[in-house]
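Asks: Can you read through this structure? Questions will come right after.
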Amino acid sequence: AQSVTQLDSHVSVSEGTPVLLRCNYSSSYSPSLFWYVQHPNKGLQLLLKYTSAATLVKGINGFEAEFKKSETSFHLTKPSAHMSDAAEYFCVVSLYTSGTYKYIFGTGTRLKVLA
Amino acid sequence: EPEVTQTPSHQVTQMGQEVILRCVPISNHLYFYWYRQILGQKVEFLVSFYNNEISEKSEIFDDQFSVERPDGSNFTLKIRSTKLEDSAMYFCASSQGFSEAFFGQGTRLTVV
């Protein structure tokens, strides 16, 4: 069965230092993977997506992620954290089943950025 | 940029009452979804809708829930008799299927 595992429920970094949010997936075929961000009391915004093109994907706000099939990982990174990056981040895998597409969410990682 | 619109942003209802959450998906999308997020918990799949019928539903989506696309533009989620545990943020989403889902800003449902 397809699933995603976000290894850290909380991550704290200092402003200006790198961010690493980890995601591992389980899929019986080549998946489509996404990272979404949710700021407090806001909706879900797409950060970036992997859909079997380039394995290094660049997204908005300086974020990027690398699809590594051998490690079944899709970790999210940013070279330098900004205070505005504090939010909840969700790794999502999509699958085609029962004649429809379905998006399965990881449990989320709450990113805290310290001044 | 096209977006998914949800109304209302916040709904307070008494236990046992019916509520209808409304969504306007992106116009050329074919797949429609409802998800919910109980405060502090993960985002859970409720139901998917394609070609005017339910494609898949989760265990959460019991007989108290229903969805409808009444007029080709709106997509609604009805909860027939609300319970306290239905209190959550409900997200509508739409997609073309092969790529990302676009989510609305959510409706926060509070059952008192």
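The values are calculated or read from the model by the stated rules, or taken from the named source; none is laboratory data. What you see is a predicted model, and the numbers here were worked out from it, not measured in a lab. Positions of Cβ are backbone-derived with ideal geometry, glycine not excepted, and every protein chain shown enters the neighbour counts. Calculation scope for accessible area: heavy atoms of the full protein, side chains included, ligands and nucleic acids excluded. Shrake-Rupley method; radii C 1.70, N 1.55, O 1.52, S 1.80 Å.
Asks: Is there a residue being farther than 29 Å from A:PRO40 by Cβ and open to solvent by less than 10 Å² (accessible area, probe 1.4 Å) anywhere in the stretch B:91-112?
Replies: Checked the stretch B:91-112: at least one residue is farther than 29 Å from A:PRO40 by Cβ and open to solvent by less than 10 Å² (accessible area, probe 1.4 Å).
Asks: Considering only residues of the stretch B:54-95 that are within 13 Å of chain A (Cβ to nearest Cβ) and farther than 19 Å from A:GLY99 by Cα, which is farthest from the chain's Cα centre (by Cα)?
Replies: B:MET89
Asks: For the subset of the stretch A:70-93 comprising residues that are assigned to a loop (DSSP other than H, G, I, E, B) and touching a residue at least 24 places away in the same chain (Cβ under 8 Å), which member is nearest to the other protein chains (Cβ to nearest Cβ)? Give the derivation first.
Replies: We begin by selecting, within the stretch A:70-93, every residue assigned to a loop (DSSP other than H, G, I, E, B); these are A:70-72, A:79-82, A:86.
Retained after the next criterion (residues that are touching a residue at least 24 places away in the same chain (Cβ under 8 Å)): A:71-72, A:79-82, A:86.
Details: A:GLU71: 23, A:THR72: 20, A:PRO79: 24, A:SER80: 26, A:ALA81: 23, A:HIS82: 23, A:ALA86: 16 Å.
For the stretch A:70-93, the residue satisfying everything is A:ALA86.
Asks: Same structure, new question: I'd like the full set of residues that are in a strand (DSSP E or B) and without any contact (Cβ under 8 Å) to a residue 12 or more places away in the chain, limited to the stretch B:56-72. If you could, list the steps in order and put the result at the bottom.
Replies: Keep residues of the stretch B:56-72 that are in a strand (DSSP E or B), which gives B:56-57, B:65-68.
Selection gives B:GLU56, B:LYS57, B:GLU68.
Asks: Any residue at all in the stretch B:2-25 that's among the charged types (D, E, K, R), at pLDDT below 95 and open to solvent by 60 Å² or more (accessible area, probe 1.4 Å)? Walk me through how you get there before you give the answer.
Replies: Keep residues of the stretch B:2-25 that are among the charged types (D, E, K, R), which gives B:3, B:18, B:22.
Applying the additional criterion that residues be at pLDDT below 95 yields B:3.
Those still in the list that are open to solvent by 60 Å² or more (accessible area, probe 1.4 Å) too: B:3.
Yes, the stretch B:2-25 contains at least one residue that is among the charged types (D, E, K, R), at pLDDT below 95 and open to solvent by 60 Å² or more (accessible area, probe 1.4 Å).
Asks: B:PHE75 versus (1) crowded, with 18+ Cβ neighbours inside 10 Å; (2) closer than 30 Å to A:GLN6 by Cα; (3) in contact (Cβ under 8 Å) with a residue 40 or more places away in the chain; (4) not polar (S, T, N, Q): which is the lone unmet condition?
Replies: The single condition B:PHE75 does not satisfy is (2).
Asks: So, one more: Here is a list of conditions, (1) within 18 Å of A:LYS102 (Cα to Cα); (2) open to solvent by less than 20 Å² (accessible area, probe 1.4 Å), and A:SER30 meets all of them except one; can you say which number that is?
Replies: It is condition (2) that A:SER30 fails.
Asks: Restricting to the stretch A:22-45, count the residues that are of a type in the set (S, T, N, Q) and more than 9 Å from chain B (Cβ to nearest Cβ). Working first, answer last.
Replies: Going through the stretch A:22-45, the residues of a type in the set (S, T, N, Q) turn out to be A:24, A:26-28, A:30, A:32, A:38, A:41, A:45.
Now narrow it down to the ones that are more than 9 Å from chain B (Cβ to nearest Cβ): A:24, A:26-28, A:30.
Adding up the residues that qualify gives 5.
Asks: Failed condition for A:GLY16, given (1) within 14 Å of chain B (Cβ to nearest Cβ); (2) outside any strand (DSSP E or B); (3) of a type outside the set (D, E, K, R), with all others met?
Replies: A:GLY16 satisfies every listed condition except (1).
Asks: In the stretch A:46-55, how many residues are open to solvent by 60 Å² or more (accessible area, probe 1.4 Å) and more than 8 Å from chain B (Cβ to nearest Cβ)?
Replies: Within the stretch A:46-55, residues that are open to solvent by 60 Å² or more (accessible area, probe 1.4 Å) and more than 8 Å from chain B (Cβ to nearest Cβ) number 4.
Asks: Determine which single condition A:TYR96 fails, assuming it passes every other condition in (1) surrounded by 21 or more Cβ atoms within 10 Å (Cβ to Cβ); (2) in a strand (DSSP E or B); (3) not basic (Lys, Arg).
Replies: It fails just one condition, (1).
Asks: Quick check on the stretch B:35-53: of everything there that is in contact with a strand residue (DSSP E or B) (Cβ under 8 Å, 6 or more places away or on another chain) and more than 9 Å from chain A (Cβ to nearest Cβ), which residue is surrounded by the fewest Cβ atoms within 10 Å (Cβ to Cβ)? Show your work before the answer.
Replies: Pass one, the stretch B:35-53, residues in contact with a strand residue (DSSP E or B) (Cβ under 8 Å, 6 or more places away or on another chain): B:35-39, B:42-50.
After this cut, where a residue has to be more than 9 Å from chain A (Cβ to nearest Cβ) as well, the list is B:36, B:38-39, B:46-47.
Values: B:ARG36: 24, B:ILE38: 13, B:LEU39: 8, B:LEU46: 21, B:VAL47: 19.
Among them, the one singled out is B:LEU39.
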